[in-house]
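A.B. asks: Following this message is one structure expressed as structure tokens.
A short reminder: the numbers here are calculations on the coordinates, not readings from a lab. It should be emphasised that the depicted structure is a prediction, and the values quoted were computed from it without experimental measurement. For neighbour counting, all protein chains shown are included, and Cβ atoms are generated from backbone atoms with ideal geometry for every residue, glycine included.
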Amino acid sequence: MKIDLSSVYIKLSRKLESILRYQAPFDTGFLRSQVEVTYTKDGIEIGLGQAGYGTYLHTGTGQERAGKDPQQLMDKAWNPKPGKGTEGIKPRYWMNFSESVYEMMMDEIATAYAIQIEDNILNELNKL
Amino acid sequence: MASGPLSSFKSVVEYMRTLSLSHLNVKQFTFGQLSDLDIETNTQNPTQYPLVMLIPRRADLDAGGKAEFSFALSVQDITNYDLGVEEDQLNTTFMILQDLLSRMRMTTWGEVEVFLEVPVTCRPFVESFNNNLAGWSAEIVLEVKNPFNNCDAAFND
């Protein structure tokens, strides 16, 4: 039985991209235009193209910078209005997704998985 | 941008393609029908969003050396369950549409021989098609020079 969920992952990468475009800090719109989420065999990757400075807006800078531990960074919730920092830029964590996004992803994957299993079983039965 | 006079259907589509892809926020341009949009099975070249789609509607040949091509020009993004994201997408896609229409309208006849008829009616759509797309669709009419021409017509006699 073969299960191929690549189409679901591609669809999810597009959805995640649109969420990140929404969460990206907006001034000229350049950062939004550069956000790209792609699905490869290694997983789903977030790219910022020529707007690498987006990382600093995510983690903050200087004294305001969030810790370096990736797990701690990921646990923080998106903060669209962090206010002005005194010793640097305050972190916005704009590349983090909320719990509901993860739930949506799990729902879509589970649904696609169930459909493919059902299709495979029906195909096998039809061969009998 | 397009060079030379726009007269054929193909040159108009090419003009729209160049114009759309030159916009900073547009990731892909597609010409065809809505049914051609397929993110479910096309995993080799998956559609990128925001997407500009040009759907041909009709053409009107008129006396006085002009032709009018009608299209549905649609700017769309893949939507989510979240109303905040959806509202933002409708805002962004409308701004992209407005930018494209502005460029067509404000371009002088000397630069590109195309004329956009106004007013343009734009309609929003949400959670449409199999990909749950949201965006705006505008019915546009583009006027180009295209005279009835018996001399260059492809006949033997």
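A.B. asks: As an exercise, find the ratio Rg/Rh for the protein assembly as shown from alpha-carbon atoms, using the Kirkwood inverse-distance average for Rh.
C.D. replies: Working: Rg = 23.3 Å, Rh = 21.7 Å.
Checking Rg against Rh, the ratio lands at 1.07.
A.B. asks: 222 nm [θ] for chain B, helices only, -39500 (n - 2.57) per DSSP H run of 4+, per residue, to 500? Don't skip to the end; give the middle numbers.
C.D. replies: Values: 2 runs with 37 residues, N = 157.
That comes out to -8000 deg cm²/dmol.
A.B. asks: So, one more: Counting other Cβ atoms within 10 Å, which GluC sites (Glu not before Pro) in region A:60-128 have at most 16 and lie in a DSSP loop?
C.D. replies: Values: sites: A:Glu64, A:Glu87, A:Glu99, A:Glu103, A:Glu108, A:Glu118, A:Glu124; in loops: A:Glu87.
Loop-located and lightly packed - A:Glu87.
A.B. asks: Which angle between 0 and 90 degrees, to the nearest 10, do you get for helix A:99-127 versus the longest principal axis of chain A when only C-alpha atoms count?
C.D. replies: Approximately 20 degrees, to the nearest 10.
A.B. asks: Now a separate question. For region A:57-128, which trypsin sites (Lys or Arg not before Pro) are in a loop by DSSP, counting at most 11 other Cβ atoms within 10 Å? Don't skip to the end; give the middle numbers.
C.D. replies: On the way: sites: A:Arg65, A:Lys68, A:Lys76, A:Lys84, A:Arg92, A:Lys127; in loops: A:Arg65, A:Lys68, A:Lys76, A:Lys84, A:Arg92.
For trypsin sites (Lys or Arg not before Pro) across region A:57-128 that sit outside H, G, I, E and B with at most 11 neighbouring Cβ atoms in 10 Å, the list reads A:Lys68, A:Lys84.
A.B. asks: Applying the Karplus parametrisation 6.51 cos²θ - 1.76 cosθ + 1.60 with θ = phi - 60° to the phi angles of region B:24-35, what ³J(HN,Hα) value in whole Hz is obtained for each residue in order, glycine and proline being reported as x?
C.D. replies: Using θ = phi - 60°, the values come out as 4, 9, 8, 9, 8, 10, 10, 10, x, 10, 4, 5 Hz.
A.B. asks: Looking at the square roots a ≥ b ≥ c of the eigenvalues of the Cα gyration tensor of region B:91-157, which shape do they give, rounded for a/c under 1.5, prolate if a/b is larger than b/c, or oblate?
C.D. replies: Working: a/c = 3.80, a/b = 1.87, b/c = 2.03.
It comes out oblate by the Cα gyration axes.
A.B. asks: How tilted is helix B:9-21 with respect to the longest principal axis of chain B? Cα atoms for both, answer in degrees (0 to 90, nearest 10).
C.D. replies: Result, in degrees: 40.
A.B. asks: Please check chain B for the longest run free of GluC sites (Glu not before Pro) that are loop-located per DSSP (anything but H, G, I, E, B) and have at most 15 other Cβ atoms within 10 Å. The partial results should precede the final answer.
C.D. replies: Working: sites that count: B:Glu40, B:Glu111, B:Glu117.
The reported range is B:41-110.
A.B. asks: Still on this model: To the nearest 10 degrees, how steep is helix A:6-23 against the longest Cα principal axis of chain A, on a 0 to 90 scale?
C.D. replies: Rounded to the nearest ten degrees, it is 20.
A.B. asks: Which percentage, to the nearest 5, of the DSSP beta bridges contained in the protein assembly as shown is antiparallel? Present the calculation step by step, with values, prior to reporting the outcome.
C.D. replies: On the way: 37 of 41 bridges.
If I count the DSSP bridges inside the protein assembly as shown, around 90 percent turn out antiparallel.
A.B. asks: Pairs A:Lys68/B:Lys27; A:Lys2/A:Lys127; B:Lys10/B:Lys66; A:Lys11/B:Lys27: which are spaced more than 26 Å apart, C-alpha to C-alpha?
C.D. replies: A:Lys68/B:Lys27
A.B. asks: To the nearest Å, what is the center-to-center distance of region A:51-86 and region B:66-141, using C-alpha atoms only?
C.D. replies: 35
A.B. asks: Once all Cα-Cα distances of region A:22-112 are split into 5 Å bins that start at 0, what whole-number percent is in each one?
C.D. replies: Histogram of Cα-Cα distances, whole percents per bin: 3, 12, 19, 23, 21, 12, 6, 3, 1, 0.
A.B. asks: Moving on to the next point. What is the Cα coordinate range of chain B on the first, second and third principal axes, sorted by size from largest, in whole angstrom?
C.D. replies: 61, 33, 23
A.B. asks: Pull up the DSSP beta bridges for region B:14-157 and report the antiparallel fraction as a percent, rounded to 5.
C.D. replies: Bridges in region B:14-157 are about 90 percent antiparallel.
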